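Below is one structure, written out as structure tokens; the observations come after it.
The values are calculated or read from the model by the stated rules, or taken from the named source; none is laboratory data. Only a predicted model underlies this, so the values are computations on that prediction, with no experimental measurement involved. Virtual Cβ from ideal backbone geometry, glycine too; neighbours counted across all protein chains shown. Quick note on the areas: whole protein, heavy atoms, side chains included, nothing else; ligands and nucleic acids left out. Shrake-Rupley method; radii C 1.70, N 1.55, O 1.52, S 1.80 Å.
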Amino acid sequence: DSDRLLGAFIDAFHEAILALRRLPVPVIGSVHGAAAGGGFSLALACDLLVAGKGARFVAAYPALGTSSDGGLSHYLTRRLGAMKALEIVLGGPFGAAEAQALGLVAKLLEAEQLEAETLAYARHIAQTAPQSVRAFKHLVCAAEDGELEVQLQRERAAFLGCARTEDFRNRVQAFLQKRG
């Protein structure tokens, strides 16, 4: 019963994404290693993203035969345009340097500096006038997220539609067998 099981998982994930976006302060994401599938969606839902130079980003959904969730289609399209968004979700992994060049990553750091520099970044923002930070977070998110809830519903419907197919079941089974 993929609709019930996956639907509940997607609903919880989407509520978490919306809660993150509604926070009155900026959320800084820090990527070390791979941000794949839902991890990529979560990374893009952050207000600011820092990444280690060895980080990789991959949509991963097409390999399982499904569409995105977590707002990936929303954020890629808003930030990069439809053509580049399609190229990314249908292409393979890409590195942190390309993500920064595309404007998806704010800071690119050496892996061993990632944790300390992310914390320093957060401390710097914490020194800024809190009313100004809250106001800018609200304005920027309002501009970018105007259609987010509608797009999350579209993503849910598309994901569940893909998950009902035999191809999806076969791809998931093959993936699990490789990992086992």
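Using the Cβ of ALA59 as centre and a radius below 13 Å, the other residues enclosed give a net charge of -1, where K and R count +1 and D and E count -1. On a per residue basis, the chain carries 55 Å² of accessible surface, using protein heavy atoms and a 1.4 Å probe. Projecting the Cα atoms of ILE28, LEU5, TYR61 onto the charge dipole of the range 1-94 (Cβ charges, centred on the Cα centre) puts ILE28 farthest toward the positive pole. Loop-located GluC sites (Glu not before Pro) in the range 94-180 (DSSP state not H, G, I, E or B) with no more than 12 neighbouring Cβ atoms inside 10 Å: GLU110, GLU147.
Around the Cα centre of the chain, unit charges on the Cβ atoms of Lys, Arg, Asp and Glu (plus for the first two, minus for the last two) sum to a dipole of about 80 debye.
What the phi angles of the range 19-24 give under the Karplus curve with 6.51, -1.76 and 1.60, with θ = phi - 60°, is a coupling list of 5, 4, 5, 7, 4, x Hz, glycine and proline written as x. The helix-only estimate of mean residue ellipticity at 222 nm for the chain, built from DSSP H runs of length n ≥ 4 each weighted as -39500 (n - 2.57), is -20000 deg cm²/dmol after division by the residue total. Close amide H partners of ALA60, meaning residues 5 or more places away or on another chain with modelled amide H under 5 Å apart, are GLY37.
Listed by chain and number, the lysines whose C-alpha is less than 22 Å from the C-alpha of LYS107, apart from same-chain residues fewer than 8 away, are LYS53, LYS84, LYS137. Largest first, the three principal axis extents of the alpha carbons in the chain are 53, 34, 31 Å in whole numbers. By the gyration tensor of its Cα atoms, with a ≥ b ≥ c the square roots of the eigenvalues, what is the shape of the range 1-103: rounded for a/c under 1.5, prolate for a/b over b/c, or oblate? Oblate. Taking the Cα centre of the range 71-136 as origin and assigning +1 to Lys and Arg Cβ atoms and -1 to Asp and Glu Cβ atoms, the resulting dipole is close to 420 debye. With semi-axes defined as the square roots of five times the eigenvalues of the C-alpha gyration tensor, the equivalent ellipsoid of the range 87-180 measures 35, 23, 13 Å, largest first.
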